[in-house]
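Peer 1: Dropping the structure in here first, questions after.
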Amino acid sequence: MHLAHAGPGVSGSGGSSTRASERNRQEVVFPTRDQYVEVVRAYRDGGFEMCADLCSVDYLTHPGRRLPEGVAPERFEVVVNLLSLSQVKRVRVRLQVPESDAVAPSLFELYPGVEAMEREAYDLFGIVFAGHPDMTRILLPEDWEGHPLRKDYGVGRVPIQFKGAPGPR
């Protein structure tokens, strides 16, 4: 796992933990898939009682983004924002997920509130969350083909009709 510092550059700490943005005092960690659940569990047990958000990012068009040394960029990233209301702290967990194996462990057992967020990431990006109790689409019909927030998803053309608009001239 790496801990990143914002500021003049991004630095890693030799493979153990990472430090946070100095500007907003937010810790940012980059665990491997094998470390992911245990890292999040350690934060939960350390007083981060709320998972405020879980979302995904497709970096297809930005493969060379800046990451801490030792963190290999992958096409997809799962971003988890944890809050400690009692300590007034926030931590961001950024998990790299390869396109060839778009699977991440589910955090449902630690934070049951992520159930819908993981389903949304699956529905729109195609990232499967292993161990999720109901890994089905949440926004689109079950027979929908593809994942519309992927950068390589074809944009369709659906004619829009406005009520009261004049017809073609």
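Peer 1: Quick one: in the stretch 49-97, of everything that is under 22 Å from LEU124 (Cβ atoms) and of a type in the set (Lys, Arg), which residue is surrounded by the fewest Cβ atoms within 10 Å (Cβ to Cβ)?
Peer 2: If we take residues in the stretch 49-97 being under 22 Å from LEU124 (Cβ atoms) and of a type in the set (Lys, Arg), then ARG65 is surrounded by the fewest Cβ atoms within 10 Å (Cβ to Cβ).
Peer 1: Hey, ALA121 hits all of (1) in a helix (DSSP H, G or I); (2) over 15 Å from VAL80 (Cβ atoms); (3) of a type in the set (A, V, I, L, M, F, W, C) but one; which does it fall short on?
Peer 2: Checking ALA121 against (1) in a helix (DSSP H, G or I); (2) over 15 Å from VAL80 (Cβ atoms); (3) of a type in the set (A, V, I, L, M, F, W, C), the one that fails is (2).
Peer 1: Shifting gears a bit: When you check VAL91 against the structure, is it within 30 Å of ARG137 (Cβ to Cβ), among the aliphatic types (A, V, I, L, M), modelled with pLDDT of 95 or more and not in a helix (DSSP H, G or I), yes or no?
Peer 2: yes
Peer 1: Consider ASP143 carefully, then state whether it is in contact with a Lys or Arg (Cβ under 6 Å, 6 or more places away or on another chain) and farther than 22 Å from MET1 by Cβ.
Peer 2: Criteria not met by ASP143.
Peer 1: Given the structure, is VAL97 touching a residue at least 60 places away in the same chain (Cβ under 8 Å), within 11 Å of the chain's Cα centre (by Cα) and over 16 Å from GLN26 (Cα atoms)?
Peer 2: It is true that VAL97 is touching a residue at least 60 places away in the same chain (Cβ under 8 Å), within 11 Å of the chain's Cα centre (by Cα) and over 16 Å from GLN26 (Cα atoms).
The values are calculated or read from the model by the stated rules, or taken from the named source; none is laboratory data. Keep in mind that this is a model prediction, so the values were computed, not measured. A quick note on method: Cβ atoms are made from the backbone with ideal geometry, for glycine too, and the neighbour counts reach across all protein chains shown.
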